[in-house]
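Encoded as structure tokens, the structure appears first; notes follow it.
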Amino acid sequence: MSAPANVPTLDKLAYSLPNFAKAVDLSLEKVRQHIARGELVPSYVDSKPLIMREEGERWLRSRPAERSGDLESVAS
């Protein structure tokens, strides 16, 4: 049974690292690398790191619009 059309759904406010990795289609290791470089900044609830929705959006917007590296080797 689905919710009535006039009932809003709550968007996620924050993501665990594994869920954030899934949401942006990256490996958990790649997400951790960006955190280690200070490019992506988690918030903490007790000792659990969370990526706030706004931080994830800011980080994605800061990514280059073009690929870096050799496109020939990627396409092969």
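The values are calculated or read from the model by the stated rules, or taken from the named source; none is laboratory data. None of the values given here were measured: they were computed from a predicted structure. Here Cβ is always computed from backbone atoms with ideal geometry, including for glycine, and neighbour counts include all displayed protein chains. Quick note on the areas: whole protein, heavy atoms, side chains included, nothing else; ligands and nucleic acids left out. Shrake-Rupley method; radii C 1.70, N 1.55, O 1.52, S 1.80 Å.
The set of residues from the range 40-53 being free of Cβ contacts under 8 Å to residues at least 24 places away in the same chain, over 12 Å from Ser16 (Cβ atoms) and either open to solvent by 60 Å² or more (accessible area, probe 1.4 Å) or in a helix (DSSP H, G or I) (or both) comprises Val41, Asp46, Ser47. Residues in the range 7-27 that are under 10 Å from the mean Cα position of the chain (by Cα) and among the charged types (D, E, K, R) were compared, and the one that is surrounded by the most Cβ atoms within 10 Å (Cβ to Cβ) is Lys22.
How many of the residues in the range 37-72 are of a type in the set (Gly, Ala, Ser) and either in contact with a Phe, Trp or Tyr (Cβ under 8 Å, 6 or more places away or on another chain) or over 19 Å from Ala14 (Cα atoms) (or both)?
Residues that pass the stated criteria total 4.
Okay, residues lined up against (1) at pLDDT below 95; (2) out of contact with any Asp or Glu (no Cβ under 9 Å at 6 or more places or on another chain); (3) of a type in the set (A, V, I, L, M, F, W, C):
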{"residue": "Ser16", "(1), (2), (3)": "no, yes, no"}
{"residue": "Leu26", "(1), (2), (3)": "no, yes, yes"}
{"residue": "Met52", "(1), (2), (3)": "no, yes, yes"}
{"residue": "Ser73", "(1), (2), (3)": "yes, yes, no"}
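Before we move on, is Lys30 at pLDDT 95 or above, of a type outside the set (Phe, Trp, Tyr) and over 13 Å from the mean Cα position of the chain (by Cα)? Spelling it out, it is not the case that Lys30 is at pLDDT 95 or above, of a type outside the set (Phe, Trp, Tyr) and over 13 Å from the mean Cα position of the chain (by Cα).
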